Amino acid sequence: QVQLVESGGGLVQSGGSLRLACAASGNFFRLFAMGWYRQVPGKERDLVANISMGGIVDYSDDVKSRFTISRDNAANTIYLQMNSLKPEDTAVYYCHARVALTNRQPIRDAWGTGTLVTVSS
């Protein structure tokens, strides 16, 4: 099994910055695309940013130019640098990975348990 452990959430003032990290551990064959989603109570979980194995990135329109996703394949870790944070960025941020547990099993989704980001106005 694979475990995704997020860190770096917390409380920050509007305009501030936070850096989230997500480390994958456990027994797995290969990680593919990884990314960050966020969710607020009563709403669906939405994609924030995604990064492929080769480093191709994709962002939701509301975080472009403010957030940067990066990846350290050797450490099985992704990061999300969040700058110019706004109160509307307040949410639980979840790490996501597409992962193959063995070279014979299909690729599946894995999720972290989430880290809370609160941006005060």
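The values are calculated or read from the model by the stated rules, or taken from the named source; none is laboratory data. Model, not experiment: these values are computed from the prediction. Methodologically, a virtual Cβ is constructed for each residue, glycine included, from the backbone with ideal geometry; neighbour enumeration extends over all protein chains shown.
Residue-level analysis places residue 48 outside the set of residues that are in contact (Cβ under 8 Å) with a residue 60 or more places away in the chain and either assigned to a strand (DSSP E or B) or surrounded by 14 or more Cβ atoms within 10 Å (Cβ to Cβ) (or both). Scanning region 32-41 for residues that are under 19 Å from residue 115 (Cβ atoms) and either in contact with a helix residue (DSSP H, G or I) (Cβ under 6 Å, 6 or more places away or on another chain) or surrounded by fewer than 21 Cβ atoms within 10 Å (Cβ to Cβ) (or both) turns up 39, 40, 41. Taking region 59-73 as the range and being of a type in the set (Val, Ile, Thr) and assigned to a strand (DSSP E or B) as the test, the residues that pass are 68, 69. Being in contact with a strand residue (DSSP E or B) (Cβ under 8 Å, 6 or more places away or on another chain), at pLDDT 95 or above, surrounded by 15 or more Cβ atoms within 10 Å (Cβ to Cβ) and farther than 20 Å from residue 4 by Cα is a property that does not hold for residue 79.
Checking the conditions here, which among 74, 100 is over 15 Å from residue 7 (Cβ atoms), among the hydrophobic types (A, V, I, L, M, F, W, C) and out of contact with any strand residue (DSSP E or B) (no Cβ under 9 Å at 6 or more places or on another chain)? Sole residue among the options that is over 15 Å from residue 7 (Cβ atoms), among the hydrophobic types (A, V, I, L, M, F, W, C) and out of contact with any strand residue (DSSP E or B) (no Cβ under 9 Å at 6 or more places or on another chain): 74.
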